Each structure stands twice: as C-alpha cells, then as structure tokens.
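Presented below is the structure to which this report refers.
The values are calculated or read from the model by the stated rules, or taken from the named source; none is laboratory data. Small disclaimer: the values here were computed from a predicted structure and weren't measured. Methodologically, a virtual Cβ is constructed for each residue, glycine included, from the backbone with ideal geometry; neighbour enumeration extends over all protein chains shown. Accessible surface areas use protein heavy atoms only, side chains included; no ligands, DNA or RNA. Shrake-Rupley method; radii C 1.70, N 1.55, O 1.52, S 1.80 Å.
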Amino acid sequence: MVDIFYQEKLITKTAVLYYQKNLNQKQISEKLHISQPTVSRLLGKAIKNNIVKVLINNLPGSHSDLEND
C-alpha cells in the first residue's frame with residue numbers, strides 16, 4: 001500500500017507540473033515514470049482533495065447559467 005504522505009506529495013507534484021509548469025499528461029508520465037492514466041487520476045484527486053481549485057470567471061454579459069448544455 002502506498003504511504004498517504006507519499007501519495008499526497010505525488011498528487012501535488014503532478015498538479016504543479018500540469019497547472020503551473022504547463023506540461024501535458026504524456027510529459028508528466030515520462031518525467032515521473034508513471035502511466036498516463038495514473039497522471040489523469042492524480043489530477044482528478046488534486047481537485048477532489050482541494051489541492052487544486054478551479055475558478056471560472058464569466059465574461060460580463062455572459063449568462064452561461066441561462067444557456068442550455
């Protein structure tokens with residue numbers, strides 16, 4: 001079983017490489033020697049665990065809440 005501290009550190013490192021260093025998932029998988037699907041799962045966990053927060057700033061006059069999907 002993976003140490004929880006190690007996993008949180010890996011999630012954070014993956015998020016930094018993706019969101020701050022602008023590496024794509026393939027580049028991260030090669031750099032960290034993990035599979036691309038693992039990178040994707042780690043990025044999902046980063047959002048779920050509040051390591052990464054996504055903020056969408058709607059443009060003035062945009063009524064996306066009124067639009068249909």
Pull up all non-local amide H partners of ILE34: gap of 5 or more, or a different chain, and H-to-H distance under 5 Å with H placed in the peptide plane. none
Percent carbon-and-sulfur accessible area, the chain, ignoring ligands, DNA and RNA, probe 1.4 Å: 53 percent
Most mobile listed residue (LEU23, LEU42, LEU55) in the chain, GNM with C-alpha springs under 10 Å: LEU55
May I ask for the Kirkwood hydrodynamic radius of the chain, worked out over all distinct Cα pairs and given in angstroms to one decimal? 13.6 Å
Can you compute 3J(HN,Hα) from phi for each residue in region 26-38, using the Karplus curve 6.51 cos²θ - 1.76 cosθ + 1.60 with θ = phi - 60°, rounded to whole Hz and x for Gly and Pro? 5, 4, 5, 4, 5, 5, 9, 6, 10, 6, 4, x, 5
Please return the longest range in the chain lying between exposed loop sites, taking trypsin sites (Lys or Arg not before Pro), DSSP loop only, at most 16 other beta-carbon atoms within 10 Å, and leaving the sites out. 22-52
